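Below you'll find the structure, written out as C-alpha coordinates, and then a few comments.
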Amino acid sequence: MQFSNKINSNYQPKRLAVKLNSKGEQFVVKGHPWVFSNNIVKINNDATSGDLAIIFSKNKNRVIGLGLYDPNSPICIKMLHSGLEKIEINADFFNHKIKESYVKRLPLLKTNTTGYRLLFGENDGFPGLIADVYNTVLVVKLYSEIWLPYLQTILSSLQKVSKTETIVIRLSRGLQQSKKHYLKDGDIVFGVLENEVVEFVEHGVNFSANVIKGHKTGYFLDHRANRKQVGEWSREKTVLDVFSYAGGFSVHALANGANKVTSLDISKQALEIALQNGKLNNYSGIHKTIAGDAFDELHKLIKKGKTFDVVVIDPPSFAKQQSDIELAKKKYGQLASLGEKLTAKNGTLVLASCSSRVTAQSFFDINDRILANQNRKFNNILQTYHDIDHPVSFPEGAYLKCGYYKFD
(Lines give C-alpha, C1' and ligand atoms only; values in the text may rest on other atoms or scores of the structure.)
Protein backbone atom coordinates (compact mmCIF):
# COMPACT_ATOMS: atom_id res chain seq x y z
CA MET A 1 0.00 0.00 0.00
CA GLN A 2 1.18 3.51 -0.83
CA PHE A 3 0.77 6.79 1.02
CA SER A 4 -1.31 9.51 -0.62
CA ASN A 5 0.61 12.16 -2.57
CA LYS A 6 -1.31 14.76 -0.54
CA ILE A 7 1.09 14.32 2.39
CA ASN A 8 4.16 15.21 0.32
CA SER A 9 5.65 18.63 1.00
CA ASN A 10 7.64 20.62 -1.54
CA TYR A 11 9.18 22.71 1.21
CA GLN A 12 12.67 21.79 2.45
CA PRO A 13 13.06 23.13 6.02
CA LYS A 14 15.94 25.53 6.65
CA ARG A 15 18.19 25.62 9.71
CA LEU A 16 17.70 28.73 11.84
CA ALA A 17 20.21 30.15 14.32
CA VAL A 18 18.21 31.34 17.33
CA LYS A 19 19.15 33.20 20.50
CA LEU A 20 16.77 33.73 23.42
CA ASN A 21 16.59 36.08 26.38
CA SER A 22 17.44 34.74 29.84
CA LYS A 23 13.85 33.69 30.61
CA GLY A 24 13.49 31.75 27.34
CA GLU A 25 16.88 30.10 27.79
CA GLN A 26 15.91 29.02 31.29
CA PHE A 27 12.75 27.36 29.93
CA VAL A 28 14.75 25.44 27.31
CA VAL A 29 17.42 24.30 29.78
CA LYS A 30 14.66 22.96 32.08
CA GLY A 31 13.22 20.95 29.17
CA HIS A 32 10.00 22.94 28.71
CA PRO A 33 8.51 22.29 25.22
CA TRP A 34 7.42 25.89 24.51
CA VAL A 35 9.36 29.01 23.51
CA PHE A 36 7.24 32.17 23.23
CA SER A 37 7.85 34.84 20.59
CA ASN A 38 8.69 37.47 23.24
CA ASN A 39 11.59 35.28 24.43
CA ILE A 40 13.34 35.36 21.02
CA VAL A 41 16.19 37.88 20.73
CA LYS A 42 17.65 36.83 17.37
CA ILE A 43 16.38 34.69 14.47
CA ASN A 44 16.78 34.54 10.65
CA ASN A 45 14.63 37.04 8.72
CA ASP A 46 13.44 34.43 6.22
CA ALA A 47 12.21 31.91 8.83
CA THR A 48 9.03 29.99 7.91
CA SER A 49 6.80 27.20 9.32
CA GLY A 50 8.62 23.95 10.03
CA ASP A 51 12.15 25.35 9.87
CA LEU A 52 14.54 23.76 12.35
CA ALA A 53 15.35 26.25 15.13
CA ILE A 54 18.84 25.66 16.53
CA ILE A 55 18.94 27.44 19.87
CA PHE A 56 22.30 28.74 21.04
CA SER A 57 23.09 29.72 24.63
CA LYS A 58 23.46 33.46 25.10
CA ASN A 59 26.96 33.47 26.52
CA LYS A 60 28.89 30.34 25.55
CA ASN A 61 27.46 29.94 22.03
CA ARG A 62 26.66 26.26 22.61
CA VAL A 63 23.58 24.54 21.18
CA ILE A 64 21.12 24.00 24.05
CA GLY A 65 18.07 22.84 22.12
CA LEU A 66 16.32 22.10 18.84
CA GLY A 67 12.76 22.93 17.87
CA LEU A 68 10.40 23.69 14.99
CA TYR A 69 9.58 27.29 14.11
CA ASP A 70 5.88 28.27 14.10
CA PRO A 71 5.20 31.90 13.07
CA ASN A 72 1.42 31.40 13.38
CA SER A 73 1.45 30.89 17.15
CA PRO A 74 2.53 32.85 20.24
CA ILE A 75 4.45 29.63 21.03
CA CYS A 76 6.93 30.46 18.27
CA ILE A 77 9.22 27.46 18.75
CA LYS A 78 7.90 24.00 19.60
CA MET A 79 10.79 22.09 21.16
CA LEU A 80 11.90 18.66 19.95
CA HIS A 81 15.04 18.28 22.06
CA SER A 82 16.71 20.07 24.96
CA GLY A 83 20.27 19.58 26.23
CA LEU A 84 23.88 19.66 25.10
CA GLU A 85 23.82 16.19 23.50
CA LYS A 86 24.31 16.34 19.72
CA ILE A 87 21.13 15.22 17.96
CA GLU A 88 20.12 15.08 14.29
CA ILE A 89 16.42 15.67 13.54
CA ASN A 90 15.81 12.98 10.94
CA ALA A 91 13.75 9.82 10.31
CA ASP A 92 15.70 7.86 12.95
CA PHE A 93 15.03 10.57 15.54
CA PHE A 94 11.25 10.50 14.98
CA ASN A 95 11.14 6.70 14.74
CA HIS A 96 12.96 6.35 18.08
CA LYS A 97 10.51 8.77 19.76
CA ILE A 98 7.48 6.89 18.36
CA LYS A 99 8.85 3.51 19.51
CA GLU A 100 9.46 4.96 22.98
CA SER A 101 5.85 6.16 23.14
CA TYR A 102 4.51 2.79 22.00
CA VAL A 103 6.50 0.91 24.69
CA LYS A 104 4.90 3.15 27.38
CA ARG A 105 1.45 1.98 26.19
CA LEU A 106 2.19 -1.76 26.18
CA PRO A 107 0.72 -2.44 29.68
CA LEU A 108 -2.58 -0.88 28.50
CA LEU A 109 -2.65 -3.02 25.34
CA LYS A 110 -2.61 -6.17 27.49
CA THR A 111 -6.01 -5.26 29.01
CA ASN A 112 -8.34 -6.14 26.10
CA THR A 113 -8.14 -2.55 24.83
CA THR A 114 -7.76 -1.61 21.15
CA GLY A 115 -8.41 2.15 21.36
CA TYR A 116 -5.53 4.23 22.69
CA ARG A 117 -3.49 7.41 22.23
CA LEU A 118 -0.12 6.64 20.68
CA LEU A 119 1.21 10.22 20.62
CA PHE A 120 0.08 12.83 23.15
CA GLY A 121 1.51 16.02 21.64
CA GLU A 122 4.22 17.78 23.64
CA ASN A 123 4.14 15.11 26.34
CA ASP A 124 5.53 12.55 23.86
CA GLY A 125 7.80 15.01 22.07
CA PHE A 126 5.42 15.92 19.21
CA PRO A 127 4.04 19.42 19.96
CA GLY A 128 0.85 20.09 18.00
CA LEU A 129 0.39 16.48 16.84
CA ILE A 130 -1.94 13.79 18.23
CA ALA A 131 -2.10 10.15 17.08
CA ASP A 132 -4.93 7.89 18.22
CA VAL A 133 -5.44 4.23 17.34
CA TYR A 134 -8.92 2.71 16.95
CA ASN A 135 -8.43 -0.99 16.28
CA THR A 136 -6.74 -1.07 12.84
CA VAL A 137 -7.27 2.65 12.07
CA LEU A 138 -4.76 5.34 13.00
CA VAL A 139 -6.12 8.91 13.24
CA VAL A 140 -3.54 11.70 13.22
CA LYS A 141 -4.70 15.19 14.18
CA LEU A 142 -2.49 18.12 13.21
CA TYR A 143 -2.66 21.47 15.01
CA SER A 144 0.30 23.19 13.34
CA GLU A 145 1.91 23.64 9.90
CA ILE A 146 5.31 22.78 11.42
CA TRP A 147 4.72 19.07 10.80
CA LEU A 148 3.94 19.29 7.07
CA PRO A 149 7.55 18.83 5.85
CA TYR A 150 8.02 15.81 8.15
CA LEU A 151 4.62 14.18 7.73
CA GLN A 152 5.51 11.34 5.35
CA THR A 153 8.38 10.22 7.62
CA ILE A 154 6.28 10.36 10.79
CA LEU A 155 3.21 8.61 9.30
CA SER A 156 5.37 5.82 7.90
CA SER A 157 6.91 5.20 11.33
CA LEU A 158 3.54 5.42 13.12
CA GLN A 159 2.01 2.88 10.74
CA LYS A 160 4.85 0.38 11.19
CA VAL A 161 4.95 0.68 14.99
CA SER A 162 1.14 0.52 15.48
CA LYS A 163 0.63 -2.07 12.68
CA THR A 164 -2.49 -0.17 11.59
CA GLU A 165 -4.02 -0.71 8.16
CA THR A 166 -5.56 2.73 7.56
CA ILE A 167 -4.49 6.30 8.36
CA VAL A 168 -6.91 9.23 8.56
CA ILE A 169 -5.75 12.85 8.83
CA ARG A 170 -7.76 15.32 10.91
CA LEU A 171 -6.96 19.03 10.82
CA SER A 172 -7.48 21.80 13.35
CA ARG A 173 -9.62 24.74 12.19
CA GLY A 174 -6.51 26.84 11.61
CA LEU A 175 -4.90 24.16 9.46
CA GLN A 176 -8.07 23.68 7.44
CA GLN A 177 -7.62 27.29 6.25
CA SER A 178 -3.89 26.90 5.52
CA LYS A 179 -2.67 27.18 1.91
CA LYS A 180 0.53 25.24 2.60
CA HIS A 181 -0.87 21.75 1.97
CA TYR A 182 -3.32 19.78 -0.17
CA LEU A 183 -4.98 17.92 2.70
CA LYS A 184 -8.64 18.06 3.73
CA ASP A 185 -9.98 17.24 7.19
CA GLY A 186 -10.84 13.52 7.15
CA ASP A 187 -8.56 12.57 4.25
CA ILE A 188 -7.59 8.89 4.12
CA VAL A 189 -3.87 9.00 3.31
CA PHE A 190 -3.03 5.30 3.72
CA GLY A 191 -5.07 2.15 3.18
CA VAL A 192 -8.85 1.94 2.82
CA LEU A 193 -11.65 2.97 5.18
CA GLU A 194 -14.81 0.96 4.52
CA ASN A 195 -16.86 2.67 7.23
CA GLU A 196 -16.20 6.02 8.90
CA VAL A 197 -17.56 4.53 12.15
CA VAL A 198 -14.82 2.28 13.53
CA GLU A 199 -15.46 -0.24 16.32
CA PHE A 200 -12.88 -0.78 19.06
CA VAL A 201 -12.64 -2.25 22.57
CA GLU A 202 -12.01 -0.51 25.90
CA HIS A 203 -11.29 -2.86 28.81
CA GLY A 204 -13.54 -5.49 27.25
CA VAL A 205 -16.39 -3.06 26.50
CA ASN A 206 -17.28 -2.35 22.84
CA PHE A 207 -17.36 1.20 21.47
CA SER A 208 -17.27 3.02 18.15
CA ALA A 209 -15.68 6.24 16.89
CA ASN A 210 -16.56 8.30 13.84
CA VAL A 211 -13.01 8.98 12.69
CA ILE A 212 -14.07 11.37 9.89
CA LYS A 213 -16.72 13.57 11.54
CA GLY A 214 -16.38 12.95 15.30
CA HIS A 215 -14.90 15.47 17.77
CA LYS A 216 -11.09 15.55 17.93
CA THR A 217 -10.09 12.18 16.45
CA GLY A 218 -13.54 10.61 16.86
CA TYR A 219 -13.73 9.83 20.57
CA PHE A 220 -12.41 10.96 23.97
CA LEU A 221 -9.96 8.27 25.09
CA ASP A 222 -8.60 10.04 28.16
CA HIS A 223 -11.30 8.96 30.68
CA ARG A 224 -10.87 5.25 29.95
CA ALA A 225 -9.68 4.30 33.47
CA ASN A 226 -12.47 6.35 35.09
CA ARG A 227 -15.10 4.76 32.85
CA LYS A 228 -13.86 1.32 33.89
CA GLN A 229 -14.02 2.34 37.56
CA VAL A 230 -17.56 3.73 37.26
CA GLY A 231 -18.63 0.56 35.44
CA GLU A 232 -17.35 -1.63 38.26
CA TRP A 233 -19.31 0.39 40.84
CA SER A 234 -22.55 0.47 38.81
CA ARG A 235 -23.74 -3.12 39.12
CA GLU A 236 -27.50 -3.18 39.94
CA LYS A 237 -27.41 0.61 40.36
CA THR A 238 -29.13 3.61 38.74
CA VAL A 239 -26.67 5.90 36.95
CA LEU A 240 -26.81 9.49 35.63
CA ASP A 241 -24.13 10.38 33.07
CA VAL A 242 -24.02 14.18 32.60
CA PHE A 243 -22.28 15.67 29.52
CA SER A 244 -22.34 12.09 28.29
CA TYR A 245 -21.30 12.77 24.66
CA ALA A 246 -20.98 9.28 23.07
CA GLY A 247 -21.93 7.54 26.31
CA GLY A 248 -18.54 6.43 27.62
CA PHE A 249 -19.55 6.18 31.29
CA SER A 250 -23.09 5.08 30.39
CA VAL A 251 -21.96 2.13 28.27
CA HIS A 252 -19.47 0.88 30.86
CA ALA A 253 -22.23 1.06 33.49
CA LEU A 254 -24.68 -0.88 31.29
CA ALA A 255 -22.08 -3.49 30.33
CA ASN A 256 -21.34 -4.01 34.02
CA GLY A 257 -24.96 -4.67 34.98
CA ALA A 258 -26.47 -1.27 35.89
CA ASN A 259 -30.27 -1.39 36.27
CA LYS A 260 -30.97 1.96 34.62
CA VAL A 261 -28.68 4.51 32.96
CA THR A 262 -29.62 8.04 31.91
CA SER A 263 -27.33 9.82 29.43
CA LEU A 264 -27.67 13.61 29.40
CA ASP A 265 -26.13 15.78 26.67
CA ILE A 266 -27.01 18.91 24.70
CA SER A 267 -26.38 17.08 21.40
CA LYS A 268 -29.11 14.75 20.15
CA GLN A 269 -26.63 13.34 17.64
CA ALA A 270 -24.18 12.45 20.44
CA LEU A 271 -26.98 10.74 22.36
CA GLU A 272 -27.82 8.65 19.27
CA ILE A 273 -24.18 7.52 19.21
CA ALA A 274 -24.41 6.73 22.94
CA LEU A 275 -27.43 4.49 22.31
CA GLN A 276 -25.64 2.77 19.42
CA ASN A 277 -22.50 2.24 21.51
CA GLY A 278 -24.64 0.66 24.19
CA LYS A 279 -26.12 -1.77 21.66
CA LEU A 280 -22.63 -3.01 20.74
CA ASN A 281 -22.68 -4.80 24.13
CA ASN A 282 -24.98 -7.27 25.88
CA TYR A 283 -26.89 -5.63 28.72
CA SER A 284 -30.24 -6.04 30.45
CA GLY A 285 -30.65 -2.57 32.00
CA ILE A 286 -32.63 0.39 30.63
CA HIS A 287 -30.80 3.13 28.69
CA LYS A 288 -32.61 6.48 28.68
CA THR A 289 -31.45 9.78 27.17
CA ILE A 290 -32.15 13.45 27.94
CA ALA A 291 -31.24 16.13 25.36
CA GLY A 292 -30.73 19.63 26.73
CA ASP A 293 -28.50 22.10 28.57
CA ALA A 294 -26.96 20.24 31.50
CA PHE A 295 -27.56 22.97 34.10
CA ASP A 296 -31.23 23.37 33.09
CA GLU A 297 -31.89 19.63 32.95
CA LEU A 298 -30.25 18.97 36.33
CA HIS A 299 -32.50 21.62 37.93
CA LYS A 300 -35.54 19.91 36.34
CA LEU A 301 -34.50 16.49 37.70
CA ILE A 302 -34.03 17.97 41.18
CA LYS A 303 -37.50 19.57 41.04
CA LYS A 304 -38.95 16.15 40.17
CA GLY A 305 -37.22 14.67 43.22
CA LYS A 306 -35.07 12.28 41.15
CA THR A 307 -31.95 10.69 42.63
CA PHE A 308 -29.40 8.20 41.31
CA ASP A 309 -27.01 5.74 42.95
CA VAL A 310 -24.11 6.96 40.77
CA VAL A 311 -23.91 10.48 39.29
CA VAL A 312 -21.08 11.28 36.86
CA ILE A 313 -20.50 14.91 35.79
CA ASP A 314 -17.76 15.33 33.18
CA PRO A 315 -18.13 18.76 31.51
CA PRO A 316 -16.10 20.16 28.60
CA SER A 317 -13.30 22.60 29.41
CA PHE A 318 -14.72 25.72 31.03
CA ALA A 319 -11.43 27.68 30.91
CA LYS A 320 -10.25 28.02 27.32
CA GLN A 321 -8.26 31.14 28.26
CA GLN A 322 -6.83 32.77 31.39
CA SER A 323 -9.77 35.19 31.73
CA ASP A 324 -12.21 32.23 32.01
CA ILE A 325 -10.70 30.75 35.19
CA GLU A 326 -12.93 32.40 37.81
CA LEU A 327 -16.14 31.65 35.86
CA ALA A 328 -14.95 28.06 35.38
CA LYS A 329 -14.47 27.64 39.13
CA LYS A 330 -17.96 29.01 39.73
CA LYS A 331 -19.44 26.50 37.25
CA TYR A 332 -17.58 23.59 38.87
CA GLY A 333 -19.04 24.66 42.21
CA GLN A 334 -22.56 24.79 40.75
CA LEU A 335 -22.18 21.31 39.25
CA ALA A 336 -20.92 19.87 42.55
CA SER A 337 -23.96 21.34 44.32
CA LEU A 338 -26.42 20.06 41.69
CA GLY A 339 -24.73 16.66 41.62
CA GLU A 340 -25.00 16.25 45.37
CA LYS A 341 -28.75 16.88 45.28
CA LEU A 342 -29.16 14.16 42.67
CA THR A 343 -27.02 11.57 44.46
CA ALA A 344 -29.05 9.03 46.44
CA LYS A 345 -28.37 7.89 50.03
CA ASN A 346 -25.13 5.88 50.10
CA GLY A 347 -24.59 7.01 46.50
CA THR A 348 -21.43 8.04 44.68
CA LEU A 349 -20.85 11.38 42.97
CA VAL A 350 -18.08 11.52 40.36
CA LEU A 351 -16.87 15.01 39.41
CA ALA A 352 -14.32 15.58 36.61
CA SER A 353 -12.50 18.50 35.02
CA CYS A 354 -10.49 18.80 31.81
CA SER A 355 -9.59 22.49 32.23
CA SER A 356 -5.79 22.67 32.36
CA ARG A 357 -5.94 26.24 33.69
CA VAL A 358 -7.84 25.08 36.79
CA THR A 359 -5.32 23.08 38.82
CA ALA A 360 -6.19 19.72 40.34
CA GLN A 361 -5.77 21.10 43.87
CA SER A 362 -8.07 24.03 43.13
CA PHE A 363 -10.70 21.72 41.58
CA PHE A 364 -10.68 19.28 44.52
CA ASP A 365 -10.80 22.18 47.02
CA ILE A 366 -13.92 23.58 45.28
CA ASN A 367 -15.65 20.18 45.45
CA ASP A 368 -14.74 19.66 49.11
CA ARG A 369 -15.96 23.14 50.09
CA ILE A 370 -19.28 22.86 48.23
CA LEU A 371 -20.03 19.32 49.42
CA ALA A 372 -19.10 20.15 53.02
CA ASN A 373 -21.85 22.81 53.00
CA GLN A 374 -24.58 20.32 52.03
CA ASN A 375 -25.08 18.83 55.52
CA ARG A 376 -24.31 15.29 54.32
CA LYS A 377 -21.42 13.16 55.42
CA PHE A 378 -19.16 12.14 52.57
CA ASN A 379 -15.74 10.70 51.90
CA ASN A 380 -13.48 11.55 48.99
CA ILE A 381 -12.73 7.89 48.25
CA LEU A 382 -10.60 8.35 45.13
CA GLN A 383 -8.78 10.99 43.11
CA THR A 384 -7.52 10.11 39.63
CA TYR A 385 -5.51 11.85 36.95
CA HIS A 386 -4.16 10.84 33.52
CA ASP A 387 -4.34 7.32 32.10
CA ILE A 388 -1.16 5.57 30.89
CA ASP A 389 -1.56 6.71 27.26
CA HIS A 390 -1.85 10.37 28.30
CA PRO A 391 1.52 10.86 30.07
CA VAL A 392 2.41 14.29 31.48
CA SER A 393 5.93 15.61 30.91
CA PHE A 394 5.48 19.31 31.80
CA PRO A 395 3.13 21.22 34.16
CA GLU A 396 0.82 22.66 31.47
CA GLY A 397 0.46 19.17 29.95
CA ALA A 398 -1.70 18.09 32.92
CA TYR A 399 -5.42 18.75 32.55
CA LEU A 400 -7.50 15.74 33.64
CA LYS A 401 -8.62 15.20 37.23
CA CYS A 402 -11.51 13.27 38.70
CA GLY A 403 -12.86 13.02 42.26
CA TYR A 404 -15.10 10.25 43.64
CA TYR A 405 -17.33 11.23 46.58
CA LYS A 406 -19.19 8.59 48.57
CA PHE A 407 -22.12 9.76 50.73
CA ASP A 408 -22.91 7.99 54.01
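Hey, how many Å between the Cα centroid of segment 151-197 and the Cα centroid of segment 267-342?
The distance from the Cα centre of segment 151-197 to that of segment 267-342 comes to 33 Å.
Which of the peptides 319-325, 125-131, 207-213 is most tightly packed, and how do the rest follow, judged by the mean count of other Cβ atoms within 10 Å per residue? Numbers along the way, then the final one.
On the way: 319-325: 12.6, 125-131: 22.9, 207-213: 21.1.
So the peptides 319-325, 125-131, 207-213, ranked by packing, come out 125-131, 207-213, 319-325.
What three numbers, in Å, describe the spread of the alpha carbons of segment 133-177 along their principal axes, ordered from the longest?
30, 19, 10
Using label points projected 7 Å from each Cα along Cα→Cβ, tell me how many nm separate K60 and N282, to one decimal.
Roughly 6.6 nm, to one decimal.
Mind scanning K228/K288; K180/K320; K237/K300; K288/K345; K14/K110 and naming the pairs with a C-alpha gap bigger than 31 Å?
K14/K110
Show V392, V192 ordered by accessible area, largest first, where the area counts protein heavy atoms only and the probe is 1.4 Å. Mind dumping the intermediate values first?
Numbers: V392 70, V192 105 Å².
Sorted descending by solvent-accessible area, the residues read V192, V392.
Looking at the chain, send over the antiparallel percent of its DSSP beta bridges, to the nearest 5. Each step should come with its number before you reach the end.
Values: 48 of 79 bridges.
Of those bridges, close to 60 percent are antiparallel.
Would you please name the GluC sites (Glu not before Pro) within segment 222-293 that are DSSP coil residues with at most 16 other C-beta atoms within 10 Å of their C-beta?
Numbers: sites: E232, E236, E272; in loops: E236.
In loop regions of segment 222-293 (DSSP not H, G, I, E or B), the sparsely surrounded GluC sites (Glu not before Pro) are E236.
Just to verify a number: FRET efficiency for N38 and K304, C-beta to C-beta distance, R0 = 41 Å, to 0.05?
Working: r = 54 Å, r/R0 = 1.31.
Approximately 0.15, to the nearest 0.05.
Does segment 212-312 come out rounded, prolate or oblate, given a ≥ b ≥ c as the square roots of the eigenvalues of its C-alpha gyration tensor, rounded meaning a/c under 1.5 and, failing that, prolate meaning a/b above b/c?
Values: a/c = 1.65, a/b = 1.09, b/c = 1.50.
Taking the square roots of the gyration eigenvalues as a ≥ b ≥ c, segment 212-312 is oblate.
When DSSP assigns beta bridges and you keep just the ones with both residues in segment 105-260, what percent turn out antiparallel, to the nearest 5? Show your work: numbers first, answer last.
Values: 20 of 27 bridges.
Restricted to segment 105-260, the bridges split so that about 75 percent are antiparallel.
Order 106-116, 375-385, 50-60 from most to least packed using the mean count of other Cβ atoms within 10 Å. Could the numbers behind the result be given before it?
Values: 106-116: 15.1, 375-385: 13.0, 50-60: 17.9.
Highest to lowest by the protection proxy: 50-60, 106-116, 375-385.
Take the alpha carbon gyration tensor of segment 120-238, find the square roots of its eigenvalues, order them as a ≥ b ≥ c, and report rounded if a/c is under 1.5; if not, report prolate when a/b exceeds b/c, else oblate. Before the final figure, lay out each step's value.
Working: a/c = 2.07, a/b = 1.87, b/c = 1.10.
The shape class here is prolate.
What number comes out for the charge environment of L327, summing +1 per Lys or Arg and -1 per Asp or Glu over other residues with Cβ under 15 Å away? All intermediate terms of the calculation are to be shown ahead of the outcome.
Details: positive: K320, K329, K330, K331, R357; negative: D324, E326.
Result for the neighbourhood of L327: +3.
Pairs of Cα atoms under 8 Å, at least six residues apart: use those to get the relative contact order of segment 83-158, whole percent. Could the numbers behind the result be given before it?
Working: 72 pairs, mean separation 20.1, N = 76.
The normalised contact order for segment 83-158 reaches 26 percent.
So for the chain, what percent of the C-alpha to C-alpha distances run longer than 38 Å?
On the way: 21817 of 83028 pairs.
Summing the P(r) tail past 38 Å for the chain gives 26 percent.
Using the alpha-carbon centroid of each, what span in Å lies between segment 352-366 and segment 22-75?
Using only Cα atoms to place each centre, the spacing works out to 31 Å.
Need one number: the % of Cα-Cα pairs in segment 265-408 sitting beyond the 22 Å mark. Before the final figure, lay out each step's value.
Details: 4766 of 10296 pairs.
Result for the distance tail: 46 percent.
The values are calculated or read from the model by the stated rules, or taken from the named source; none is laboratory data. Keep in mind it's a predicted model, so treat the numbers as computed, not measured. In this analysis, Cβ positions are derived from the backbone assuming ideal geometry, glycine residues included, and neighbour counts consider all displayed protein chains. Accessible surface is based on the protein model in full, side chains and every heavy atom, while ligands, DNA and RNA are left aside. Shrake-Rupley method; radii C 1.70, N 1.55, O 1.52, S 1.80 Å.
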